[in-house]
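Only one structure is covered here, and it is reproduced in the block below.
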Amino acid sequence: MKTLEIHGSKGDSFIHVGETLGNLGKYTPSKNVVLITDTNVKQYYENQFPPHPLITLQTGEDIKTLDTVRAVYEKLLEFEADRSTFIVGIGGGIVCDIAGFVASTYLRGVRFGFVSSTLLSQVDASVGGKNGVNFKGYKNIIGVFNQPEFVICDLNLLKTLPKKEILNGMAEIVKHGAIADASLFAYLEKHSQKALDLHPEVIEKLVYDSVVIKSAIVNQDELEKGARRKLNFGHTFGHAFEKTTGVSHGEAVSVGMITASAVSVKRGHLSADDAERIKTLLREIGLPVSIHAEEKRVIDALKKDKKRTGDRIYFVLLNEIGNAFVDQIPIKELEIEIHTIFKGEPDRPDFRRMDTS
């Protein structure tokens, strides 16, 4: 087991990579604990849960709403949860987001921690203290910054994930290499098949290195006023694709990274060779590099991105693989880029069709 630390404004968070669900009791009080999980995780791993009251959610992005939060509040009242209650989210990003948001707002805040069960959650969603829910289809538009006391990244839990969930996490690992660690990117290029096969040594390195990158950035900028914005590489377009097409988070972010790379090349920052390396790696992993989408709907979603300030948006660009920076780009410029792509000009990702080859 390897442990990393995030220093939050309200307390520290310890990320334990390689710890197990069976040791959860080492990190929580012996009583007044409430567990929150979903039906999938409960099906496979309930026999490893400690004997505490359990709230079980359904699965899927559709449940990440204020209605679900309200239902969890009602259960907490039923359990007579008070300010000494400790909440543990056991699951992927959706469970952790909801559990963290509930814990941060119930009785003005109670202690909480996570057992992260998906690759996406271990390398990204459960780490860093962002907790929130969607509203009217817009991702994470209601939320708080608040660090969990701990995150257990149990690599054994990844074995029951479907391939699409592995790919969701792989997209974020590619992102971490692209923005901050050229050696991680090169390692993934060399070991992509072993990563997909969840080879123990390879997957532990990828999870740990990703957490190193994210924790270092969050320690610099917990509230996303500067450096933390780099973690949004591929996500500005990605969230717009996710909302308008219904593809998975990893698929949307994959095409978002291709698009952000194209913008970086067009602006004279990123070499065409590096952009091609990103596209080639995503293809080798099995992630899409193009997508079927409607131009107007993508633009409308882009305009509602929470990173927008006036007529500009904080957008992550690359100088090279391993070196990202943030610029405020006019929304109009990104609209032009989308329109250019829909016209099918050379060297642009094609939004009009899905291509996972």
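Numbers below:
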read-out	value
Karplus-derived HN-Hα couplings along region 138-148 (A = 6.51, B = -1.76, C = 1.60, θ = phi - 60°), whole Hz, x at Gly and Pro	9, 5, 6, 7, 10, x, 9, 9, 6, 7, x
Cα long-axis angle, helix 235-245 against the chain (0 to 90 degrees, to the nearest 10)	80
Mean projected area (nm²) of the alpha-carbon convex hull when region 104-224 is viewed from all directions	8.3
Ellipsoid equivalent to region 191-237 - semi-axes via the Cα gyration tensor, in Å	27, 14, 5
Ordering of 111-117, 76-82, 279-285 by packing [mean C-beta count within 10 Å, highest first]	111-117, 279-285, 76-82
Set of lysines near Lys159 by C-alpha distance (under 19 Å), chain-local residues within fewer than 8 positions excluded	Lys42, Lys194, Lys205
Sparse-neighbourhood loop sites, trypsin sites (Lys or Arg not before Pro) in region 1-41 - DSSP loop, at most 11 other Cβ within 10 angstrom	Lys31
Trypsin sites (Lys or Arg not before Pro) within region 181-241: DSSP coil, no more than 15 neighbouring Cβ in 10 Å	Lys225
Net lengthening on full extension, Lys75/Thr160 (0.36 nm per residue, minus Cα-Cα)	27.8 nm
Gyration tensor (alpha-carbon) shape descriptor, region 16-161, a/c threshold 1.5	rounded
Percentage relative contact order, the chain, counting C-alpha pairs under 8 Å, at least six apart	15
Theoretical ellipticity at 222 nm over the chain - DSSP helices of four or more residues, -39500 (n - 2.57) apiece, nearest 500	-13500 deg cm²/dmol
C-alpha long axis of helix 249-266 to longest principal axis of the chain, angle in °	40
Nearest-ten-degree value, helix 200-220 long axis tilted from longest Cα axis of the chain	90
Gain in span if fully extended, Glu61 to Lys194, counting 0.36 nm per residue against the direct Cα distance	45.0 nm
Residues of region 262-295 with amide N under 16 Å of the 7 Å Cα→Cβ point at Ile336	262-269
Region 1-96: C-alpha gyration tensor shape, a/c 1.5 cut-off, then a/b vs b/c	rounded
Label zone at Lys303 (point 7 Å along Cα-to-Cβ), backbone N below 12 Å, region 326-343	331-332, 335
Assigned charges on the beta-carbon of Lys, Arg, Asp, Glu; the chain dipole about Cα centre (debye)	620
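Coordinate-derived values only; no laboratory data. A quick note: this is a predicted structure, and the numbers were derived from the prediction, not measured. Cβ atoms come from the backbone with ideal geometry, glycine included; neighbour counts cover every protein chain shown.
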